[in-house]
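The values are calculated or read from the model by the stated rules, or taken from the named source; none is laboratory data. Model, not experiment: these values are computed from the prediction. With ideal geometry, Cβ positions are generated from the backbone for all residues, glycine too; neighbour counts draw on all protein chains shown. Areas reflect the complete protein model, heavy atoms only, side chains present, ligands, DNA and RNA absent. Shrake-Rupley method; radii C 1.70, N 1.55, O 1.52, S 1.80 Å.
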Amino acid sequence: MSAVEVERQLREACAEVDDAVRLLETPTPGSLDCCAHLLEAAGQRIAGFQPQLQAAAGSHNARQEARRLRSSVSYASRLLEGAASLYFHWSRIRDTICAGYTPRGEPALAPIRNRISFQG
Amino acid sequence: MANLLTLLASTASTLDAYGRVLETTQNNVSNASTPGYAKQRLPLAALPFDPNAGTPGGVQAGALESSRDQYLEQAVRRQTVSLGAQQQLVDSLTSLQSLFDISGQQGIPKALNDLFSAFSAWGTSPNNQATRQAVLDKATVLAESFQQASAGVADQEQAATQLISQTVDQVNHLVGQLQQLNNLAMAGNNKDPGLDAQVNSTLENLSQLVDCTATRQADGSVTVMLNGNHVLLTEDHQYTISSLESMPVSPPPVYPNAPPGVQVLASDGSDITSAITTGKLGALLNVRNQVLASYLGDAYEPGDLNRMAKQFADRVNNLLTSGNITSGPPPEMGVPLFTYDGSSDATIAQTIAVDPSVTPDQLAAIDPAANVSNGIALALSQLASPIDAADKIDGVSYSEFYGEMATRVGTALNDAKGQVQVEQSLVAQAQSHRQQVSGVSLDEEATILVEFQRAYQAASKFITVLDQLTETTINMLQV
């Protein structure tokens with residue numbers, strides 16, 4: 001694989017991660033699912049050409065693309081943590097409101113973990 | 001048996017009744033009435049269950065909705081305060097960076113290089129009048145460059161001080177607006193959605209400036225705290241903050257002539273500067289009291305610009321005074337080239353100058369110890385690429401030391417620019433999450449949380465893998 005091809009593959013992986021970043025701005029479970037697929041695709045792409053990376057060793061442009069990819073991955077990671085923080089903190093508050101506190105003063109787990117329905 | 005929810009809807013519409021039913025079905029939603037947690041008890045309401053009519057039943061939360069709204073508003077504000085800080089950092093550091101040229105085409109680095117070249121030329125022709133005059137001229141330019149850089153940073157300090165004062169006024173103004181809204185809420189308008197929107201919008205504006213937390217009270221008013229510790233507003237009482245330049249008293253200042261720091265004071269006069277670490281005001285305080293002070297000094301540090309000016313002037317003067325102007329007999333001793341106000345190490349860069357009484361003839365080129373006619377001139381030219389520790393500052397050459405100062409601003413600016421992009425996305429993310437909210441159904445929400453957790457774990461796993469793959473890729477691409 002030539003350096004130019006490595007560069008192209010890295011650019012495409014980066015574009016996939018950037019798409020994931022855009023999805024992460026709307027942190028619904030659905031968008032997170034799509035985001036996971038994109039991240040997986042980017043990972044597979046990189047893993048696919050990594051054995052042939054020696055051909056591009058020393059290529060300035062390929063290195064630049066790889067650094068841009070790292071920056072995008074780190075960006076996605078921050079947004080994913082942001083999304084998690086939004087959901088998990090709310091989950092904690094919600095649990096506290098629903099179930100109060102444990103004797104140790106921690107939020108008790110809300111027992112509702114699935115849909116509630118009654119049949120008579 | 002008829003379906004239970006339908007029965008409940010018709011016969012037991014109260015929440016307590018619903019709670020009892022849930023208890024009997026061993027569904028621990030009854031924990032909503034945990035003793036001692038009365039204020040946050042969750043009022044549950046059963047939704048009609050009629051599959052034929054398309055109503056799926058379930059549980060709807062009442063107070064939970066407002067709790068979540070408040071949580072999401074707070075989440076948006078939390079991200080906004082970080083964005084405000086990073087945006088202000090970018091603005092302030094962009095101005096500062098323009099003072100620290102690293103191209104070598106202007107300012108201190110150019111003046112330094114030119115002076116080193118002049119020393120070198122003088123070393124080659126130690127008795128040439130033109131090369132001696134060039135040393136004086138270039139040294140004068142370097143001293144002026146230090147003065148200009150010092151004045152430029154001082155201007156930045158002045159501008160930051162002014163901005164801090166304006167930002168403090170803005171904070172007081174916004175809290176004043178919230179005070180008026182509190183009055184309206186306490187007058188019985190606390191259910192007015194328009195009023196609620198105004199409160200949230202004002203709080204969002206306030207959170208760009210300072211880290212504030214807002215707690216809604218039973219009477220509809222909001223209590224606003226600065227950094228969770230200092231009350232800015234409670235009911236109809238506003239506690240204004242103020243700013244002033246002052247030199248700390250304890251511990252006693254080491255450099256009393258250094259620029260004073262800026263403090264923010266609470267309404268009772270107590271110093272709350274350290275509590276303001278983020279938002280626009282936090283960033284301005286950081287730039288004013290930390291970043292700029294690292295160049296120009298403060299009560300306890302002389303500042304890198306002053307250190308560099310002093311050490312360079314002292315080293316050049318030491319070399320020149322250790323040399324001879326003429327061999328004699330009797331030999332004529334060298335004179336110092338640079339002068340500065342020695343009363344404080346924190347004002348060297350602004351007062352450094354070439355002694356106007358020194359003439360080209362008075363530059364001492366002769367090294368009497370080695371008996372070399374151009375020994376001192378050569379030693380001065382060695383300052384460009386020093387080997388001797390005495391010719392270095394903090395273990396590096398003067399050019400490198402300056403480069404590190406300039407790089408510090410550049411790196412901080414780049415980091416802040418990157419952070420702005422991330423923070424903008426995080427604000428957008430929190431806003432998007434807030435907009436998705438409409439009505440609350442506990443069971444739906446529980447499902448969303450479970451789905452989210454699963455999706456998060458998957459995405460998180462891929463991020464970790466990608467991170468490792470990228471690192472390996474970068475390593476493999478190195479020469």
remark   = Quick calc, B:T464 & B:T321: beta-carbon distance into FRET formula, R0 51 Å, rounding 0.05, result 0.25
inquiry  = If you take each beta carbon of peptide A:57-67 and count the beta carbons of other chains within 10 angstrom, what is the mean?
reply    = 4
query = What angle, in degrees between 0 and 90 and rounded to the nearest 10, separates the Cα long axis of helix A:3-24 from the longest principal axis of the Cα atoms of chain A?
reply = 20 degrees
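Using Stokes-Einstein with the Kirkwood hydrodynamic radius over Cα pairs, what translational diffusion coefficient do you get for segment B:238-304 at 10 °C and a viscosity of 1.306 mPa s, in µm²/s rounded to a whole number?
Translational diffusion coefficient: 128 µm²/s.
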task = Determine which aspartates and glutamates satisfy two conditions relative to B:K280: a Cα distance under 15 Å, and not lying fewer than 8 residues away in the same chain.
result = B:D91, B:D169, B:E204, B:D211, B:E423
request  = Calculate the spin-label point distance for A:R22 paired with B:T411, positioning each point 7 Å from the Cα along the beta-carbon direction, and give it in nanometres.
outcome  = 3.5 nm
note = Simple SL model, points at 7 angstrom along Cα→Cβ for B:D314 and B:T277; separation in nm is 3.5 nm
query = Working out 0.36 nm times the residue gap between B:Q97 and B:M247, then minus their Cα-Cα distance, what length gain in nm do you get to one decimal?
reply = 51.4 nm
Charge dipole of segment A:1-104 about the Cα centre (unit charges at C-beta), most positive-ward option of A:L53, A:S77, A:I97 = A:I97
key: Partner aspartates and glutamates for B:K461 [C-alpha distance under 20 Å; skip if fewer than 8 residues away on the same chain]   = A:E16, A:D18, A:D19, A:E25, A:D33, A:E40, A:E81, B:E451, B:E471
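Once you've got the Cα coordinates, tell me which of B:K138/B:K392; B:K138/B:K417; B:K110/B:K417 are over 32 Å apart. Could the numbers behind the result be given before it?
Numbers: B:K138/B:K392 20 Å; B:K138/B:K417 37 Å; B:K110/B:K417 28 Å.
Beyond 32 Å: B:K138/B:K417.
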note = Using alpha-carbon coordinates alone, the radius of gyration and Dmax of segment B:312-391 in Å work out to 13.4, 41
task = Show me B:385-391, B:113-119 ranked by packing, highest mean number of other Cβ atoms within 10 Å first.
result = B:113-119, B:385-391
key: Under the Debye formula (equal points on every Cα, no solvent term), log10 I(q)/I(0) of segment B:165-205 at q = 0.23, 0.26 Å⁻¹   = -0.71, -0.83
request  = Counting residues in the protein assembly as shown as N, plug N into 2.2 N^0.38 Å and put the Cα Rg over that result.
outcome  = 1.34
query = So what is the orientation-averaged projected area of segment B:373-479, using the convex hull of its C-alpha atoms, in nm²?
reply = 12.5 nm²
remark   = Rounded to whole angstrom, the alpha-carbon centroid of segment B:416-430 lies from that of segment B:215-247 at a distance of 27 Å
note = For B:S267 the rounded accessible area (nearest 10 Å², probe 1.4 Å, non-protein molecules ignored) is 70 Å²
query = If eta is 1.306 mPa s and T is 10 °C, what Stokes-Einstein diffusion coefficient results for segment B:86-242, Kirkwood Rh from Cα pairs, in µm²/s?
reply = 80 µm²/s
ask   = Which percent of the Cα-Cα distances in segment B:249-404 go past 21 Å?
value = 59 percent
ask   = Rounded, prolate or oblate: which fits segment A:1-75, taking a ≥ b ≥ c as square roots of the Cα gyration tensor eigenvalues, rounded meaning a/c under 1.5, else prolate when a/b beats b/c?
value = prolate
ask   = What is the P(r) of segment B:336-379, as percent of Cα-Cα pairs per 5 Å bin from 0?
value = 5, 21, 18, 16, 15, 15, 8, 2
note = Pseudo-spin-label distance B:Q478 to B:E235, built 7 Å along Cα→Cβ, given in nm, is 6.5 nm
message = Please compute the length gained on full extension between B:Q290 and B:S385, using 0.36 nm multiplied by the number of residues separating them and subtracting their Cα-Cα distance.
response = 31.1 nm
